[in-house]
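K.L.:
A single structure is presented below for examination.
The values are calculated or read from the model by the stated rules, or taken from the named source; none is laboratory data. On a predicted model such as this, the values are computed, not experimentally measured, just so you know. Every residue, glycine among them, receives a Cβ derived from its backbone with ideal geometry; neighbour counts consider all protein chains shown.
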Ligand code: SF4
Ligand code: SF4
């Protein structure tokens, strides 16, 4: 029983990540014909960075949908998408990044490839982590809203010029499967391929570099980490400040000091590593007075 629980603890998140990716991109015919699904569910957002144009995508990426609406001359604001992001963020914060995002999962798989030396952080980590807020503000909000063409239409700047998830999940499959799309690819595709290659190479060295430094969706959900329904607490009576949680965290977060860091993707590694079970989440209560007497704290 203990062994089974251990196995589930180690592999549950990987299984959920696989299922979320497969379910969100379950339109198999799209992969056969090199086309994009355009059914009713495409009007709904998926929680993670899941490209709308992936041949299998059954829903929309919230970041792509947000830019598409605010850049559209017929709309002033993306109320549905903003409401969706607030709802999901308030419920789970960056739990979405750790458990449900396909591109986050792909980076994790790359990180598992054995390499000479894994780095816990890059030089200037603190500043690099802030880039994603600039990406959110400039490429997702300001540029699509303000740079308009002759008919008053904006562009989805983040999707068009940056998003490596779109290149991987949509650009490459469509280029391979659809000759007319392949024929129209030019310099922009090369630029985006270069970004994808850099992110993939970095993923071999550091854990989830795109999520850490560039992802605007992670930036949005991270703002909710301290207040989300699903958040962490440290039981001060149990925590011995041994630091094992930070050691287990691949993002090098000092969990016992900052249990609701905006960088935390809620992977749960720290919880599993804590010998005192001092990291609490969900509805579980702090250790009771009676229990404190028993464990003598
Ligand atoms: S591993 Fe547990 S006991 Fe040790 S510092 Fe972290 S929360 Fe505290
Ligand atoms: S703080 Fe814990 S849950 Fe958050 S990323 Fe680090 S190990 Fe995962």
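K.L.:
Scanning for something surrounded by fewer than 19 Cβ atoms within 10 Å (Cβ to Cβ), over 25 Å from residue 175 (Cβ atoms) and in the same structural domain as residue 103 (by TED's automatic domain parsing), does the stretch 47-66 turn up at least one residue?
P.N.:
No: zero hits.
K.L.:
Here are 69, 16, 81: which of them is crowded, with 17+ Cβ neighbours inside 10 Å and either within 25 Å of residue 265 (Cα to Cα) or touching a strand residue (DSSP E or B) at 6+ places or on another chain (Cβ under 6 Å) (or both)?
P.N.:
Working: 69 fails: either within 25 Å of residue 265 (Cα to Cα) or touching a strand residue (DSSP E or B) at 6+ places or on another chain (Cβ under 6 Å) (or both); 16 fails: crowded, with 17+ Cβ neighbours inside 10 Å.
Just one listed residue meets the conditions, 81.
K.L.:
Quick check on my filter: what residues within the stretch 257-283 are touching a residue at least 12 places away in the same chain (Cβ under 8 Å) and farther than 25 Å from residue 111 by Cα?
P.N.:
275, 276, 277, 278, 279, 280, 281, 282
K.L.:
Next up: How many of the residues making up the stretch 230-245 are within 14 Å of ligand 2 (Cβ to nearest atom) and more than 21 Å from residue 96 (Cα to Cα)? Outline the logic, then answer.
P.N.:
First pass over the stretch 230-245, keeping only residues within 14 Å of ligand 2 (Cβ to nearest atom): 230-234, 239, 243-245.
Among the residues that remain, those that are also more than 21 Å from residue 96 (Cα to Cα) are: 234, 239, 243-244.
Residues that pass the stated criteria total 4.
K.L.:
Right, next: Among the helices (runs of 4 or more DSSP H) lying completely within the stretch 1-118, list those that include at least 1 residues that are more than 19 Å from residue 210 (Cα to Cα). So that I can check it myself, show each step before the final result.
P.N.:
Working: elements: 2-24, 28-33, 62-70, 79-92, 95-99, 102-112.
Fully inside the stretch 1-118 and qualifying: 2-24, 28-33, 62-70, 79-92.
K.L.:
Something else: In the set 196, 174, 204, which member is part of a helix (DSSP H, G or I), farther than 24 Å from residue 60 by Cα and assigned by TED's automatic domain parsing to the domain that holds residue 118? If you could, list the steps in order and put the result at the bottom.
P.N.:
Working: 196 fails: farther than 24 Å from residue 60 by Cα; 174 fails: farther than 24 Å from residue 60 by Cα.
Going through 196, 174, 204 in turn, just one is part of a helix (DSSP H, G or I), farther than 24 Å from residue 60 by Cα and assigned by TED's automatic domain parsing to the domain that holds residue 118: 204.
K.L.:
What number of residues within the stretch 215-241 satisfy the criterion of being crowded, with 22+ Cβ neighbours inside 10 Å, assigned to a loop (DSSP other than H, G, I, E, B) and more than 10 Å from the chain's Cα centre (by Cα)?
P.N.:
Summing the residues that are crowded, with 22+ Cβ neighbours inside 10 Å, assigned to a loop (DSSP other than H, G, I, E, B) and more than 10 Å from the chain's Cα centre (by Cα) in the stretch 215-241 gives 1.
K.L.:
Given the structure, is residue 274 crowded, with 19+ Cβ neighbours inside 10 Å, under 28 Å from residue 131 (Cα atoms) and modelled with pLDDT of 95 or more? First the steps, then the outcome.
P.N.:
Values: crowded, with 19+ Cβ neighbours inside 10 Å: yes; under 28 Å from residue 131 (Cα atoms): no; modelled with pLDDT of 95 or more: yes.
Answer is no for this residue.
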